[in-house]
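This report refers to the structure that appears directly beneath it.
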Amino acid sequence: MDKIDELINRRENQLLLHACLYYQWNVNIISDDLYDQWSFELADLIKKYPDKFKKSYYYNQFKGFVPDSGYYLSYKLKTTRAYHIYQAYKKEHNIK
């Protein structure tokens, strides 16, 4: 895996995690500007490296990605790190 592959996967993970934090728990630990920066960077990477994007870990969740909001991202899928963090949070706080 090269640096571009790693960056695409990192941005996907970051966007999924922060969308989960924001839309599930109303927690904002990064600025909206930083979230937007990551979103637009990922959108640019997708355009520049479509073949690498198709091999990314969360390709199916980011097909048709538009960097305007994380609301529609599939952060609840069991394959995302955000899902597992959310489950741990629920367990720790006795949330059903």
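The values are calculated or read from the model by the stated rules, or taken from the named source; none is laboratory data. If you're wondering where the values come from, they're calculated on a predicted model, not measured in any experiment. Here the Cβ positions follow ideal geometry from the backbone for every residue, glycine too, while neighbour counts run over all protein chains shown. Note: areas computed on protein heavy atoms with side chains; ligands, DNA, RNA excluded. Shrake-Rupley method; radii C 1.70, N 1.55, O 1.52, S 1.80 Å.
With a 1.4 Å probe and every protein chain left in place, work out the accessible area per residue of the chain in Å², rounded to a whole number.
Numbers: 6460 Å² over 96 residues.
Heavy-atom accessible area per residue stands at 67 Å².
Take the Cα of ARG10, step 7 Å along the line toward its Cβ, and report every residue of region 40-56 whose backbone nitrogen sits under 13 Å from that point.
42
So how far apart, in nm, are the two label points at HIS93 and TYR59 if each is 7 Å from Cα heading toward Cβ?
About 3.5 nm, to one decimal.
Of all accessible surface on the chain at a 1.4 Å probe, what whole percent is carbon and sulfur?
Numbers: 3290 of 6460 Å².
Summing carbon and sulfur atoms, their accessible area is 51 percent of the total for the chain.
Given TYR59, ILE29, TYR71, which one lies farthest toward the positive end of the charge dipole of the chain, if we put +1 on the Cβ of every Lys and Arg and -1 on the Cβ of every Asp and Glu?
Farthest along the dipole direction, towards plus: TYR59.
Give the calculated FRET efficiency between TRP25 and TYR71 to the nearest 0.05, with a Förster radius of 22 Å applied to their Cβ-Cβ distance.
On the way: r = 14 Å, r/R0 = 0.64.
Efficiency, from the Cβ-Cβ distance: 0.95.
For region 1-72, count all C-alpha to C-alpha pairs, find those more than 18 Å apart, and express that count as a whole percent of the total. Mind showing how you got there, number by number?
Numbers: 844 of 2556 pairs.
It works out to 33 percent of all Cα pairs.
Would you mind telling me which residue in LEU16, LEU42, LEU34 has the biggest mean-square fluctuation in a Gaussian network model of the chain, where springs connect alpha carbons within a distance under 10 angstrom?
Of the options given, LEU34 has the highest mean-square fluctuation.
Assigning unit charges at the beta carbon (Lys, Arg +1; Asp, Glu -1) and nothing else, what dipole magnitude in debye, to the nearest 20, does the chain show about its Cα centre?
Numbers: 15 positive and 12 negative charges, 115 e Å.
The dipole of the chain has a size of about 560 debye.
Per-residue ellipticity at 222 nm for the chain, helices alone: DSSP H runs ≥ 4 residues times -39500 (n - 2.57), over residue total, nearest 500 deg cm²/dmol? Could you put the intermediate results ahead of the total?
On the way: 5 runs with 61 residues, N = 96.
It comes out at -20000 deg cm²/dmol, rounded to the nearest 500.
How far is helix 3-25 tilted off the main Cα axis of the chain, in degrees rounded to 10, range 0 to 90?
Value to nearest ten degrees: 30.
On a straight-distance basis, which aspartates and glutamates could pair with LYS52 in a cross-link, Cα separation under 15 angstrom, same-chain partners fewer than 8 positions away excluded?
Partners found: ASP2, ASP5, GLU6, GLU12, GLU41, ASP44.
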